[in-house]
């Protein structure tokens, strides 16, 4: 089992869960920082093909993942994420190995919809260069699938949980709260948007379930809790866990294309794999704060 981006937020947790299921795990990352029990190799997947010699399964997690920065350098996101997919698909295509690939995309490819839960059949809508890059990666996976490769796409919605790095709402708000002086105003982007947050440990468990399906019935699977919460909900839970009063908030302008409500429908995943998220939102926030 090889995991790209194994040193990242999801990668380390996924690797631990795979090892608990008896898998021998190796991985690649741009910097080969240690991951317990994993043979990590330094490899720039944007520039060099993946060495798939002896590999039977690949989980492709690597990629530029933060939505906000994608607006600042859209071509970097599109080029980088697409190149990584090419450098996975081509080596497998040109080999005689039977290698399955789980390609991790994003629920961001849907946009907002009409407020109803977003299922896999929902039309895609691109509200950020990040979403464009992920839709491109999915199309590449479909191309390789048409060429006879085993490519399954997972569309996880927003992740939260212990160990998450800056660039996402929970760690960013938590750090701002830590840095605030008493009585100081908290400056943040719009907190009105509602997102579907799933604990990272549950997301990793969903990937394990999909890998256990020898012949998945579908090409694409959502990974989502089915419940949306606003940034205000995140802030309220953070201040409760941290034991501080909620500060006055000065909201900066929201991104024009940000959808107001995003809720995922993971019925397909639940019915086919019996996956069911069990970690409460409050627990995810509490465990994140404890991990800071």
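Take residue 208 and tell me if it is touching a residue at least 12 places away in the same chain (Cβ under 8 Å) and either surrounded by fewer than 21 Cβ atoms within 10 Å (Cβ to Cβ) or more than 22 Å from residue 151 (Cα to Cα) (or both).
Details: touching a residue at least 12 places away in the same chain (Cβ under 8 Å): yes; either surrounded by fewer than 21 Cβ atoms within 10 Å (Cβ to Cβ) or more than 22 Å from residue 151 (Cα to Cα) (or both): yes.
Yes; evaluated as a whole, the condition is true for this residue.
For the range 132-153, the set of residues classified as out of contact with any strand residue (DSSP E or B) (no Cβ under 8 Å at 6 or more places or on another chain), over 11 Å from residue 105 (Cα atoms), outside any loop (DSSP other than H, G, I, E, B) and in contact (Cβ under 8 Å) with a residue 24 or more places away in the chain consists of 140, 143, listed by residue number. With respect to the conditions (1) out of contact with any strand residue (DSSP E or B) (no Cβ under 9 Å at 6 or more places or on another chain); (2) over 15 Å from residue 158 (Cβ atoms); (3) touching a residue at least 24 places away in the same chain (Cβ under 8 Å), residue 251 falls short on a single one, namely (1).
The set of residues in the range 84-105 that are surrounded by 15 or more Cβ atoms within 10 Å (Cβ to Cβ) and assigned to a helix (DSSP H, G or I) comprises 84, 85, 86, 87, 88, 89, 91, 92. Taking the range 199-292 as the region of interest, the helices (runs of 4 or more DSSP H) fully inside it that hold 1 or more residues being under 18 Å from residue 174 (Cβ atoms) and out of contact with any helix residue (DSSP H, G or I) (no Cβ under 7 Å at 6 or more places or on another chain) are 231-242, 281-291.
State which residue is nearest to residue 60 (Cα to Cα) when the search covers only the range 189-201 and only residues that are crowded, with 17+ Cβ neighbours inside 10 Å and at pLDDT below 95. The qualifying residue nearest to residue 60 (Cα to Cα) is 195.
Counting residues in the range 34-44 that are under 27 Å from residue 169 (Cα atoms), surrounded by 16 or more Cβ atoms within 10 Å (Cβ to Cβ) and touching a helix residue (DSSP H, G or I) at 6+ places or on another chain (Cβ under 7 Å) gives one or more.
Just so you know, in the range 279-292 the residues that are exposed (fewer than 15 other Cβ atoms within 10 Å of the Cβ) and out of contact with any strand residue (DSSP E or B) (no Cβ under 9 Å at 6 or more places or on another chain) include one that is nearest to residue 221 (Cα to Cα), and it is 282. Considering only residues in the range 164-188 that are under 18 Å from residue 61 (Cβ atoms) and surrounded by fewer than 16 Cβ atoms within 10 Å (Cβ to Cβ), the one that is modelled with the highest pLDDT turns out to be 165.
Could you tell me whether any residue of the range 173-187 is in contact with a helix residue (DSSP H, G or I) (Cβ under 8 Å, 6 or more places away or on another chain) and part of a strand (DSSP E or B)? Yes, the conditions are met somewhere in the range 173-187. Restricting 156, 117, 216, 129 to residues that are in contact (Cβ under 8 Å) with a residue 40 or more places away in the chain and within 20 Å of residue 15 (Cα to Cα) narrows the list to 156. Condition test on residue 131, is it farther than 30 Å from residue 95 by Cα and surrounded by fewer than 16 Cβ atoms within 10 Å (Cβ to Cβ)? It is false that residue 131 is farther than 30 Å from residue 95 by Cα and surrounded by fewer than 16 Cβ atoms within 10 Å (Cβ to Cβ). Selection of the range 155-172 for residues being in contact with a helix residue (DSSP H, G or I) (Cβ under 6 Å, 6 or more places away or on another chain), over 23 Å from residue 247 (Cα atoms) and assigned to a strand (DSSP E or B) yields 155, 156, 159.
For the range 136-163, residues that are surrounded by fewer than 17 Cβ atoms within 10 Å (Cβ to Cβ) and closer than 30 Å to residue 285 by Cα total 1. Against the definition (surrounded by 15 or more Cβ atoms within 10 Å (Cβ to Cβ) and either under 20 Å from residue 108 (Cβ atoms) or at pLDDT below 95 (or both)), how does residue 224 come out, yes or no? For residue 224, the condition - surrounded by 15 or more Cβ atoms within 10 Å (Cβ to Cβ) and either under 20 Å from residue 108 (Cβ atoms) or at pLDDT below 95 (or both) - is met.
The values are calculated or read from the model by the stated rules, or taken from the named source; none is laboratory data. None of the values given here were measured: they were computed from a predicted structure. Here the Cβ is made from the backbone with ideal geometry for all residues, glycine too, and neighbour counts use every protein chain on show.
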